[in-house]
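First the structure, in the form of structure tokens, and then the observations on it.
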Amino acid sequence: MVEHGPLFGAMLQEFEGAARILNLEPGIWKTLTHPKRQIIVSCPIQMDNGEIEVFTGYRVQYNITLGPAKGGIRYHPGVNLDEVTALAAWMTWKCAVAHIPFGGGKGGVICDPTTLSRRELEALTRRYIAEIIDAIGPEKDVPAPDVNTNEQIMAWVMDTYSMHVGHTETAVVTGKPLELGGSLGRREATGRGVMIVARESAKHVGFDIKGATVAVQGFGNVGSISAELLAGIGAKIVAVCDWKGGVYNPKGLDVTQLIAHVAQHKTVEGFAGADALDNAQLFKLDVDILIPAALENQITMDNAPAIRAKVLVEGANGPTTPDAHRHLHERGVFVVPDILANSSGVTTSYFEWVQDRYGYFWTEKEVNERLEAKMCEAFNAVLKTAIKFKVDMRTAAYIVAINRVATVTRLRGMYA
Ligand code: GLU
């Protein structure tokens with residue numbers, strides 16, 4: 001076994017619970033618990049002050065059995081190989097649960113994008129992509145946005161790759177601006193999927209989504225759009241926290257106005273008509289639905305015992321540690337795991353990749369209808385598995401995912 005850190009260790013624990021139930025044979029077990037390829041690159045950049053800085057970047061292709069590696073690129077000071085490897089493994093299971101023909105990958109660059117100018121950000125993006133260029137491509141590995149990366153950065157990824165191969169290649173990356181081969185609905189996709197699974201969970205657990213109370217941790221692309229769409233179907237968003245502070249209004253926050261506030265102030269803090277609250281208080285609220293939509297390791301045994309929500313929908317990747325998850329499940333909290341709850345981002349990335357390769361683009365209605373169908377298919381497959389094996393939804397999602405990847409691994413056989 002290769003050396004690994006705590007986040008990959010958490011992924012392994014989750015994997016093992018499901019693999020044991022599946023009676024997975026040792027050979028496939030070993031294959032599926034090793035990353036296929038881990039790339040580390042150094043990216044020297046000339047900063048605006050004339051000095052050279054060197055940034056470390058990673059791209060991990062965890063498994064490519066079902067198709068090209070697929071997964072985002074994050075820019076964050078805390079990026080490390082353990083994190084990127086765990087996230088690439090989660091992408092593998094996510095794509096399999098979503099039933100789309102992709103393997104799993106992830107990339108990251110250690111940097112603080114808030115301190116970089118636009119020119120530095122572009123230079124860093126282009127250099128990082130140039131360093132991993134032989135490993136990516138529409139048939140090999142297709143990056144996308146993740147924490148602190150956006151459509152503009154994806155446009156630079158697409159351009160750098162296209163310049164290298166000598167022709168425009170839109171399908172090398174997803175989450176692009178519409179004008180250069182992006183898909184309608186992609187930006188809202190992850191939040192839309194979170195809304196869909198929250199709605200389906202309410203039906204399953206037995207409460208009305210209309211009037212249901214919701215607390216959201218994180219107000220980036222995933223948190224803000226989940227909140228907006230849930231409010232749109234009648235749920236009451238009572239609390240939101242972000243990197244700087246939080247706001248609470250038991251009568252419900254006006255999410256559209258909150259989004260406008262954040263566009264101006266970069267934080268929810270100071271939003272009129274709401275009380276301040278911090279992260280620890282948000283987790284303790286007596287709400288129907290709690291949505292962690294920030295970073296990993298947010299719900300631990302330090303705060304899980306105080307959680308009172310009926311349903312936890314993991315908008316972020318890896319927000320709950322394995323012991324906290326066990327505790328919540330035993331207390332009867334219905335947890336919709338990340339690899340199911342936020343899979344609509346990559347599902348719509350798949351739609352974007354299909355449209356780019358086809359050269360024929362769908363209407364927003366077509367995208368959203370197909371997404372609704374795919375998310376309900378995935379949710380029902382996992383729920384059915386959870387009931388059949390009498391396990392929690394996370395173990396069930398892993399059972400569905402591992403089974404799909406293992407079946408194809410067996411059919412393909414071993415090379416050499
Ligand atoms: N970064 C997103 C995720 O973690 C989307 C990945 C993609 O679209 O490839 O699922």
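Taken together, the values in this text are just the output of simple stated rules run on the coordinates, not laboratory data. Keep in mind that this is a model prediction, so the values were computed, not measured. Reconstructed Cβ throughout: ideal geometry from the backbone, glycine too, with neighbour counts over all protein chains shown.
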Study note, to complete from the structure: Mean separation of Cα contacts under 8 Å (at least 6 apart) over the residue count of the chain, i.e. the relative contact order in percent, is 16 percent
Point to revise | Two-site label geometry, Ala130 and Glu25: point separation in nm, points 7 Å out along Cα→Cβ | key: 4.7 nm
Check your understanding: Taking a 20 Å limit on the Cα-Cα distance, which of the listed pairs Lys70/Lys94; Lys210/Lys310; Lys94/Lys374; Lys310/Lys365 fall beyond it?
Key -> Lys310/Lys365
Practice item. Take the Cα coordinates of region 275-416, assign each an equal point scatterer, and use the Debye formula without solvent to give log10 I(q)/I(0) at q = 0.10, 0.14, 0.18 Å⁻¹. Key: -0.45, -0.79, -1.08
Exercise for review: Quote the relative contact order of region 1-98 in percent (integer), defining contacts as alpha-carbon pairs under 8 Å separated by 6+ residues.
Suggested key: 30 percent
Practice item. Calculate, in nm to one decimal, what Glu372 and Met47 gain on full extension: separation in residues at 0.36 nm each, minus their alpha carbon distance. Key: 112.6 nm
Review point. Which lysines have a Cα less than 29 Å from the Cα of Lys266, not counting those fewer than 8 places away in the same chain?
Key: Lys106, Lys176, Lys236, Lys244, Lys251, Lys284
Check your understanding: For the chain, what is the calculated [θ] at 222 nm in deg cm²/dmol (nearest 500), taking -39500 (n - 2.57) for each run of four or more DSSP H residues and dividing by its residue count?
Key -> -15000 deg cm²/dmol
Point to revise | Residue with peak Gaussian network fluctuation, the chain [Cα springs, cutoff 10 Å], from Glu139, Glu314, Glu200 | key: Glu139
Practice item. Work through the residues other than Phe334 whose Cβ is under 10 Å from its Cβ and net out their charges, Lys, Arg +1 and Asp, Glu -1. Key: 0
Practice item. Report the local net charge at Val287: Lys and Arg +1, Asp and Glu -1, summed over other residues whose C-beta lies under 13 Å from its C-beta. Key: +2
Practice item. Using every pair of alpha-carbon atoms in region 141-242, split the distances into 10 Å bins beginning at 0 and state the percent of pairs per bin, rounded to integers. Key: 15, 37, 24, 17, 7, 1
Point to revise | Average projected area [Cα convex hull, region 207-329], square nanometres | key: 6.7 nm²
**Study point:** the chain: most fluctuating residue of Gly191, Gly50, Gly104 per GNM, C-alpha cutoff 10 Å
**Key:** Gly50
Exercise for review: Give, as a single signed number, the net charge of other residues whose beta carbon lies under 13 Å from the beta carbon of Asn221, with Lys and Arg counted +1 and Asp and Glu -1.
Suggested key: -1
Check your understanding: Give or take rounding to whole Å, what are the principal axis extents of the alpha carbon atoms in the chain, in descending order?
Key -> 56, 55, 43
